Amino acid sequence: MLTDRLPAFVSTHYECHEWRHASAILSQDFPSEWADLIDMLSGFRLNKSWITVGGGNKSRLAAHVDAFLTARGWAEKQFQTAFEVDGQRLDSPTHKVDCFKNRVALEVEWNNKDPFFDRDLNNFRLLFDLRAVSVGVILTRADELQDIFNDLGRGSSYGNSTTHMSKLLPRIEGGGGAGCPLLVFGIRKSLFVEDEA
């Protein structure tokens, strides 16, 4: 079970879900990537400045995760896929995966529009069917963080139509990831820390 494989810190400070034995596959077949994810989650803190200071194209939270994993050999990845029909090749490249290493794909969905979850799950499904990805991982926010956003006067920037756990779980339960093993972590309020802007 997932809770048996996670350190107490991770299971306490994240809302954690899995499908199709994702944690067993990761911990046994991809121990290095599993260790990277556990280390990233264990060291992560949600800085106040990441919420109160506006971001650009990429949130400061996503940039932090990227930097941590890049230092361990992960990289953004777009797969060059194609179909062939009667000898005619039709290129159909995938959406980029935020962080990829050795058949493990991670997407960070902090504050995008919630249809981004559909894109991520469809991408995981396709790449799993093509044997390019063995496990998909999504890091998002637990619903309870809305209390912090509201207290900081930023509630409208993190609205109901943006990416958070309540928007993700029904998509997965409805089969959005198809056969791809999935592991999902939602950042809880207990990870919030005050910092300098």
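How would you rank 41-52, 66-77, highest first, on the average number of other Cβ atoms within 10 Å across their residues? Walk me through the numbers on the way to the answer.
On the way: 41-52: 17.0, 66-77: 14.9.
In decreasing order of mean packing, 41-52, 66-77 become 41-52, 66-77.
For the stretch 1-86, what class follows from the C-alpha gyration tensor (a ≥ b ≥ c being the square roots of its eigenvalues): rounded when a/c is under 1.5, otherwise prolate if a/b is larger than b/c, else oblate?
Working: a/c = 2.03, a/b = 1.10, b/c = 1.85.
The shape class here is oblate.
Indicate, rounded to the nearest 5 percent, the antiparallel portion of the DSSP beta bridges found entirely in the stretch 51-171.
Details: 10 of 15 bridges.
Taking every DSSP beta bridge within the stretch 51-171, about 65 percent pair in antiparallel fashion.
Which links in Lys77/Lys167; Lys48/Lys77; Lys58/Lys113; Lys101/Lys167; Lys48/Lys167 stretch past 20 Å when you go from one Cα to the other? Let's see the in-between values first.
Numbers: Lys77/Lys167 25 Å; Lys48/Lys77 30 Å; Lys58/Lys113 14 Å; Lys101/Lys167 26 Å; Lys48/Lys167 23 Å.
Result: Lys77/Lys167; Lys48/Lys77; Lys101/Lys167; Lys48/Lys167 exceed 20 Å.
By counting other Cβ atoms within 10 Å of each Cβ, how are Glu194, Glu33 ranked from fewest to most? Show your work: numbers first, answer last.
Values: Glu194 7, Glu33 25.
Placing the least packed residue first, the sequence is Glu194, Glu33.
May I ask you to evaluate 6.51 cos²θ - 1.76 cosθ + 1.60, the Karplus curve with θ = phi - 60°, for each residue of the stretch 85-99 and list the ³J(HN,Hα) values in order in whole Hz, giving x for glycine and proline?
Coupling constants for the stretch 85-99: 10, 6, x, 9, 8, 10, 5, 8, x, 7, 5, 5, 8, 4, 9 Hz.
For the stretch 44-197, taking Cα atoms only, what is the radius of gyration to one decimal and the Dmax to the nearest whole Å?
Reported Rg and Dmax, both Å: 16.9, 60.
Every number here is computed from the coordinates shown, using simple stated rules; none is lab data. All values derive from a computational prediction rather than experimental measurement. Counting neighbours? That spans all protein chains shown, and the Cβs are built from the backbone with ideal geometry, glycine included.
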